[in-house]
Amino acid sequence: MGNIAAKKKSKMSSENQAEVVLVGCGAPNRGMGWWHAVQMLKDQVPHAKLTHVVEPWFLGPGAQGPGGPEFAKFAQDAEANHGVSFHKSLSDVPPVSGSAKRLALISGRTVDNPRLMTEAIAAGCTTIYLEKPGAPSVAELEAMKKEAEKENVTVLMGYNKNVCKYVSKTREFASKVDDGHVTFVSNNTYKPTAESLGECFERNAEGMLKNMAIHELALLVSFYDVTVDNIESVVADKDFSSMQTLAGPSGKEWTDFDKIKFTIKTKTGKSVTVQADRCGGDVSYATVTNSNGEEVFRYNMPDEEDKAHVKELEEEYPEAMPYFFSQDPDYITVKERVAAFCATGEEAKGIATLDVACETLKVAEYLVPVLQEQLK
C-alpha cells in the first residue's frame, strides 16, 4: 500500500495550516478520499494538516467486507504515526479549538453531499472542498449555495482539470491559431465488458456527464462561455458515441454512455468539442485543429515529465487506481489552494466556485436528453 510516512516535505507552522476533516475516505487503493489522505499525510499539501477522518462505511457495516481490513490497517497507521482521529460521523468530531481554521474535504457519494455539507458547517468548518459534481441535481446544489452563503462558509470545487497543465497549454496554443478548434479528450481504464461497465454505471449512477465528463463541462463553463442559455447547438458524433443499458452488481439495469463525443457552439461564437471514453485508456489529452480540420497541437496528460512521476507512484502503490497517478500533481494544487484560502485568506486562483458548479451541472442536465435523443 506504500508507506505514508515516506517522502516528507518541509513542515509549515500550524497557525498557517488548515485543520482538515476528510469526509469519506473509502478503501485504500480504491477511494479518492484515501488518495487525498495519502497526499496530506506525506506533507505534500503545505497549508493542510489532516486531523480527522470521517468514514461511516468502513467504521460501520463495511468493516468486515471488501476493503474493510485494509482500511483498518490504514487507520491504525495514520492514528499511530500522524495523530489522525477517526470517526463514524461528523457529529463525533470534537469542536474547533482556539483559533484553528477548519476545512472539510468531502469525498463521499454525490447523493450524500447536501447532508454532509450541512453537518460539516455544524462541525465548525469555514471552508468546504466539495468533489464534483457537488450534488445530484441543480436544485440541491443551488440550495447548498444558499445555505453556505447564509452561514458565511466558502465552498470550492475539486475540479482539478481547471488547473491542469494540458488544459492551460492547449488554451494558450489555440489562442494563437486563427479559427483554432479545441477538443478535450477524457479517457478511463474500465474493461469493455458488460460486467465492468455495468459496475461502473451502477457506482456512478448520476451518469457519465455528471461524473467522468463533468470536469470537461466545467472547463467549458469556466473558459468557453458555455451556459444553457448561451448554447446555440449541440451535435453528437454518432460514429464515435455509444450508449448502453447494462445490469450492475445489484441486478438493476442502468442506461448510460460508455463513450460520447459532441461539439457545442455558443451564441457568442465559440465552438469546442468534448470526447469521453470509459474504456479509452489512461492518457487524457487536448488537441487544437486548424480551419481545415488538421490537428496542429496535442498535449497529453500525463506528459513525458509526468510519466516518470507516474512510474514512481505505480511502484509505490501497485494496487491503486491508475488515474490517481496521472492527476496526482493537480489534486495537490487544488487542495493546496483551497487549504491556503482557508488558513490565510489567500485567493484560491483558478479553483471552481459553487457558481461554476451550478452552471456545470445545469449544462450536464441539459445535454443528457439532447445527446440521448441524437444517439437513438
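The values are calculated or read from the model by the stated rules, or taken from the named source; none is laboratory data. Note that the structure is a prediction, hence the values are computed from the model and not measured. Every residue, glycine among them, receives a Cβ derived from its backbone with ideal geometry; neighbour counts consider all protein chains shown. With ligands, DNA and RNA removed, areas are computed over all heavy atoms of the protein, side chains included. Shrake-Rupley method; radii C 1.70, N 1.55, O 1.52, S 1.80 Å.
Structure summary
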| item | result |
| --- | --- |
| Segment 267-290 residues that are free of Cβ contacts under 8 Å to residues at least 40 places away in the same chain, paired with ones that are surrounded by fewer than 18 Cβ atoms within 10 Å (Cβ to Cβ) (beta carbon under 8 Å, 6 or more apart) | LYS267/ASN230; LYS267/GLU232 |
| Single residue of segment 321-342 satisfying the filter (open to solvent by 10 Å² or more (accessible area, probe 1.4 Å) and aliphatic (A, V, I, L, M)) that is nearest to VAL221 (Cα to Cα) | ILE332 |
| Test result for PHE297, at pLDDT below 95, over 21 Å from GLU206 (Cα atoms) and not in a loop (DSSP other than H, G, I, E, B) | no |
| Residue check for LEU90: out of contact with any Ser or Thr (no Cβ under 8 Å at 6 or more places or on another chain), closer than 21 Å to ALA205 by Cα and open to solvent by less than 20 Å² (accessible area, probe 1.4 Å) | no |
| Total residues in segment 359-376, condition open to solvent by 10 Å² or more (accessible area, probe 1.4 Å) and either touching a residue at least 12 places away in the same chain (Cβ under 8 Å) or among the hydrophobic types (A, V, I, L, M, F, W, C) (or both) | 9 |
| Subset of segment 197-248 [part of a helix (DSSP H, G or I), closer than 19 Å to ASN113 by Cβ, open to solvent by less than 30 Å² (accessible area, probe 1.4 Å) and in contact with a strand residue (DSSP E or B) (Cβ under 9 Å, 6 or more places away or on another chain)] | MET208, LEU209, HIS215, LEU217, ALA218 |
| Segment 293-337: number of residues that are of a type in the set (Lys, Arg), within 28 Å of GLU70 (Cα to Cα) and touching a residue at least 60 places away in the same chain (Cβ under 8 Å) | 1 |
| Failed criterion for GLY281 (all others in (1) under 23 Å from GLY180 (Cβ atoms); (2) out of contact with any Asp or Glu (no Cβ under 7 Å at 6 or more places or on another chain) hold) | (1) |
| Qualifying positions in segment 17-33 - assigned to a strand (DSSP E or B) and either open to solvent by 10 Å² or more (accessible area, probe 1.4 Å) or touching a Cys at 6+ places or on another chain (Cβ under 7 Å) (or both) | ALA18, GLU19, VAL21 |
| Residue selected from segment 169-196 under the condition open to solvent by 40 Å² or more (accessible area, probe 1.4 Å) and of a type in the set (Val, Ile, Thr), by the criterion modelled with the highest pLDDT | THR193 |
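Conditions (1) assigned to a strand (DSSP E or B); (2) free of Cβ contacts under 8 Å to residues at least 24 places away in the same chain; (3) open to solvent by 10 Å² or more (accessible area, probe 1.4 Å), marked per residue:
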residue: ILE121; (1), (2), (3): no, no, yes
residue: THR126; (1), (2), (3): yes, no, yes
residue: GLY134; (1), (2), (3): no, no, no
residue: MET144; (1), (2), (3): no, no, no
residue: ALA148; (1), (2), (3): no, no, no
residue: LEU156; (1), (2), (3): yes, no, yes
residue: VAL167; (1), (2), (3): no, no, no
